[in-house]
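Taking it in order: structure first as structure tokens, then the write-up.
The values are calculated or read from the model by the stated rules, or taken from the named source; none is laboratory data. Values in this document were obtained by computation on a predicted structure and should not be read as measured data. FYI the Cβ positions are ideal-geometry reconstructions off the backbone, even for glycines, and counts take in every protein chain you see.
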Amino acid sequence: MASSPYQVLCVCLGNICRSPTAEIILKHYVKLAGLPVEIDSAGTSNYHPNKAPDPRTQKFARARGYDLSHLRARQICREDYDQFDLILAMDETNLSDLQWQINNLVQQGELHASVMDRLALMSEHDPKFSRQAIPDPYFGQASDFERVIVQCESAAQAWVEYWQANLDILRRQS
């Protein structure tokens, strides 16, 4: 069997602030490390289908050298649970929403309960913001958007270090 890249999905509520930021930042650090990881993002809700990331998110990301302009919001779907090896929630509420969706799909016989093992917080391995929520900046101020970037950079670096120390995790067979 041929190897295929490890698949990671970053998830927040609307997929216009936190998860697209996490996607782009994680892609940046994975590329720097030369790891075989592909990253995407989605929202637990369908509030902003096919919309570009929030203009404030784009502004603050661009100021730090990240381009989110090509991304479009989408809602997580049933197939994502099959495709992705790891699903990173931005906070405990998103994590609970994902667990609820998976439980429903398991009860309907559409998924195996082991899919729960693929869920984690974005900040799971982050020594600076250990298991802390990446707060939703949507109704916040400029500093809230900057904080999302800082936390996503820290968490992304922590995931890259984790994968580098556990390369066997990235070996996926298609």
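For the range 81-105, the tally of residues that are in contact (Cβ under 8 Å) with a residue 40 or more places away in the chain and either surrounded by 18 or more Cβ atoms within 10 Å (Cβ to Cβ) or among the polar types (S, T, N, Q) (or both) stands at 13.
Within the range 1-41, restricting attention to residues that are modelled with pLDDT under 95 and of a type in the set (S, T, N, Q), which residue is nearest to T57 (Cα to Cα)? Taking the candidates together, the pick is S4. Being in contact with a helix residue (DSSP H, G or I) (Cβ under 9 Å, 6 or more places away or on another chain), free of Cβ contacts under 8 Å to residues at least 24 places away in the same chain and either under 16 Å from E92 (Cβ atoms) or not hydrophobic (A, V, I, L, M, F, W, C) (or both) is the filter here, so list the residues in the range 106-129 that pass it. Scanning the range 106-129 gives H112, M116.
Of all residues in the range 82-101, one or more are at pLDDT 95 or above, among the polar types (S, T, N, Q) and closer than 20 Å to I25 by Cα.
Looking across the range 111-151 at every residue that is farther than 16 Å from C12 by Cα and touching a Pro at 6+ places or on another chain (Cβ under 9 Å), the one that is surrounded by the fewest Cβ atoms within 10 Å (Cβ to Cβ) is identified as S143.
Among the residues examined, A155 does not qualify as more than 18 Å from L32 (Cα to Cα), surrounded by 14 or more Cβ atoms within 10 Å (Cβ to Cβ) and among the small types (G, A, S). Residues considered: R78, R56, R62. Of these, the only one that is exposed (fewer than 14 other Cβ atoms within 10 Å of the Cβ), basic (K, R), in a helix (DSSP H, G or I) and modelled with pLDDT of 95 or more is R62. Does V115 count as closer than 23 Å to R64 by Cα and either out of contact with any Leu (no Cβ under 9 Å at 6 or more places or on another chain) or hydrophobic (A, V, I, L, M, F, W, C) (or both)? In short, no.
Taking residues in the range 143-160 that are free of Cβ contacts under 8 Å to residues at least 40 places away in the same chain, and partners anywhere that are among the acidic types (D, E), the pairs with Cβ atoms closer than 9 Å and at least 6 places apart or on different chains are D144/D136; Q151/D126; S154/D126; A158/E124; A158/D126.
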